1. Based solely on its DSSP helices, what 222 nm [θ] is calculated for the chain when runs of n ≥ 4 H residues each add -39,500 (n - 2.57) and the sum is averaged over all residues, nearest 500 deg cm²/dmol?
2. Taking a cut-off of 29 Å between Cα atoms, list the lysines near Lys8, but don't count ones fewer than 8 places away on the same chain.
3. Amide H to amide H under 5 Å from Val94: which residues, 5+ apart in sequence or cross-chain, H placed 1.01 Å off N in plane?
4. Taking amide H atoms as placed 1.01 Å from N in the peptide plane, list the residues 5 or more away in sequence, or in a different chain, whose amide H sits under 5 Å from that of Phe28.
5. Lys6: which aspartates and glutamates have alpha carbons under 18 Å from its alpha carbon, excluding same-chain residues fewer than 8 sequence positions away?
6. So if I place +1 on the C-beta of Lys and Arg and -1 on the C-beta of Asp and Glu, and nothing else carries charge, what would the dipole magnitude of the chain be about its Cα centre? I want it in debye, nearest 20.
7. Nearest 10 degrees, 0 to 90: what angle lies between the long axis of helix 69-79 and the longest principal axis of the chain (Cα atoms)?
8. Isolated Cys in the chain by the 4.7 Å beta carbon test?
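Derivation of every value follows stated rules applied to the coordinates shown; laboratory data play no part. The model shown is predicted, which means the values in this text are computed figures rather than measured ones. So basically every Cβ, Gly included, is an ideal-geometry build from the backbone, and we count neighbours across all protein chains shown.
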Amino acid sequence: MNLLNKFKDPRLCLNILDQIKTELKEEFRFMEVCGTHTVAIFQSGLRTLLPEKIVHLSGPGCPVCVTHDREIAAYLALAEKDLTIATFGDLIKVPGPAGKI
């Protein structure tokens, strides 16, 4: 059984949840930053399985999801002026309003 299939094993998942509930002594907060992760967490029912001491926070969103096309157009305009633009790698391939990458 490959690793991905192991995490689909209900017995293994229940054992991990039991271990978390047993060992967790204080509140634990975690945040994901991507809307796709938020959807997956809700669709899987993960939030309903975790103990109350585990607090899930939805983050600000990944750069691809939260960057408006006007901002991308501004970045492209700056890049055409031979400036160096620093960004997250996943934003590099996002097309601008005119379809330019």
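1. Details: 6 runs with 47 residues, N = 101.
Estimated from H runs of four or more residues: -12500 deg cm²/dmol.
2. Cα-Cα hits under 29 Å: Lys21, Lys25, Lys53.
3. Under 5 Å from the amide H of Val94 lies no amide H from a residue far enough along the sequence or on another chain.
4. Amide H neighbours of Phe28, under 5 Å, 5+ apart: Ile54, Val55.
5. Leaving aside aspartates and glutamates fewer than 8 places away in the same chain, those within reach of Lys6 are Asp18.
6. The calculation lands at about 260 debye.
7. Its long axis makes an angle of about 60 degrees.
8. If one checks each Cβ against the other cysteines of the chain, Cys13, Cys65 turn up with nothing under 4.7 Å.
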